[in-house]
Amino acid sequence: MTYCVAMALDEGLLFASDSRTNAGVDHVSTFSKMSVFETPGERAIVLLNSGNLATTQAVVSTLRQALHTDRPNLMSVATMFDAATLVGDAVRRVIHHHSTSQLSQAGVDFSCNFLVGGQIAGDAPRLFLVYAEGNFIESSPDTPYFQIGESKYGKPIIDRVIRPSTPIDEAIKCALVSFDSTIKSNLSVGLPIDLAFVRRDECRVGLRHRIEPDDAYFGHIRVAWGQGLRKVFNELPAPEWLAADRG
């Protein structure tokens, strides 16, 4: 399991992903879920993935191998819509190949999802959610963010805070609180967290940061958020009808 979130803001696109692929009593694996395709000033495309690790690695490898051919690839397409189409086609081909192999008889789930976002010069910043079937949807002002993986624990804070107009510093803070809530409730999601930000019209990844377990800011966010929640909870009034019932 994993957790990834991407936000389409007026300032640009924010991406965040955890790096845990397996968790158990004595086994934890770490792999980055973020892939960057970039020619600074001309295009910056970021992919986040969740799902079967072999499938997602095969999809990313397929996309990288295409860069060295004359076929349409992420460094040659004219729009982000075309980029999402390429990723969807690769996902569909890889899953079809794996599902028709002998491994499919073992009941292995080869499905995966991708978040694809970025900006190509001459096109606006755009964000897409690509499904295992290869089809995709695009973010909108009403839905300015997408999540994949273990999304339910981190969704409430994002729903309450994130709007297209949200400043990038507030968005990063919100994303980290969302990750803290998810990590707190699900062992299969964990540090490190990879962050990337593509500022509008710069067509490059202006921020790339990895949050390790000893990151001071994330540690402060986790403590302050937990204390703040308890404080607000304790300040909530008891229901009036309970007092009446006791009387």
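The values are calculated or read from the model by the stated rules, or taken from the named source; none is laboratory data. Worth saying up front: this structure is predicted, and the values here are computed from it rather than measured. Ideal geometry is used to build each Cβ from the backbone, glycine not excepted, and the neighbour counts take in all protein chains shown. These accessible areas exclude ligands, DNA and RNA; they are computed on the full protein's heavy atoms, side chains included. Shrake-Rupley method; radii C 1.70, N 1.55, O 1.52, S 1.80 Å.
Using the alpha-carbon atoms, what tilt in degrees (0 to 90, nearest 10) does helix 53-65 show relative to the longest principal axis of the chain?
40
Give me the percent of accessible area attributable to carbon and sulfur for the chain, probe 1.4 angstrom. Intermediate results must be reported in sequence, preceding the final value.
Details: 6800 of 12700 Å².
Roughly 54 percent of what the probe reaches on the chain is carbon or sulfur.
Roughly speaking, what is the centre-to-centre gap between the stretch 167-188 and the stretch 59-103 when only Cα atoms are used, to the nearest Å?
30
Among 88-97, 212-221, what's the highest-first ranking by average C-beta atoms within 10 angstrom per residue? Walk me through the numbers before you get to the answer.
On the way: 88-97: 18.7, 212-221: 12.3.
The densest-packed peptide leads the list: 88-97, 212-221.
Is the stretch 1-124 best put as rounded, prolate or oblate by its Cα gyration tensor, with a ≥ b ≥ c the root eigenvalues, rounded for a/c under 1.5, and otherwise prolate when a/b is larger than b/c, oblate when not?
The shape class here is oblate.
Give the value in nm², to one decimal: projected area of the alpha carbon convex hull of the chain, averaged over all directions.
Average of the hull's projected areas for the chain equals 17.4 nm².
Any chance you could run the full-extension gain for VAL161 through THR30? It's 0.36 nm times the residue separation minus the Cα-Cα distance, nm to one decimal. Provide the component values of the computation, followed by the final result.
Working: separation 131, 0.36 × 131 = 47.16 nm, distance 2.95 nm.
Value of the extension gain: 44.2 nm.
Rounded to the nearest 10 degrees, what's the angle between the helix 216-235 long axis and the longest principal axis of the chain, both from Cα atoms, 0 to 90?
40
If the cut-off is a Cα-Cα distance under 28 Å, which lysines reach LYS231, setting aside same-chain residues fewer than 8 apart in sequence?
Reachable lysines: LYS152, LYS155, LYS173, LYS184.
Need the list of aspartates and glutamates near LYS33 for cross-linking: C-alpha distance under 17 angstrom, and skip anything on the same chain fewer than eight residues off.
Those aspartates and glutamates meeting the cut-off are ASP18, GLU150, ASP194, GLU212.
Which far-off residues, 5 or more places away or on another chain, put their amide H under 5 Å from the one on ASP10, with H placed in the peptide plane?
Correct list: SER165, THR166.
List the equivalent ellipsoid semi-axes of the stretch 88-196 in whole Å, largest first, each obtained as the square root of 5λ for an eigenvalue λ of the Cα gyration tensor. All intermediate terms of the calculation are to be shown ahead of the outcome.
Values: eigenvalues 165, 85, 24 Å².
Taking √(5λ) for each eigenvalue gives 29, 21, 11 Å, largest first.
How would you classify the stretch 120-161 from its alpha-carbon gyration tensor, with a ≥ b ≥ c the square roots of the eigenvalues: rounded for a/c under 1.5, else prolate if a/b is greater than b/c, otherwise oblate?
Oblate.
Can you report the principal axis dimensions of the stretch 38-100 using only the alpha carbons, biggest first, rounded to whole angstrom?
39, 24, 19
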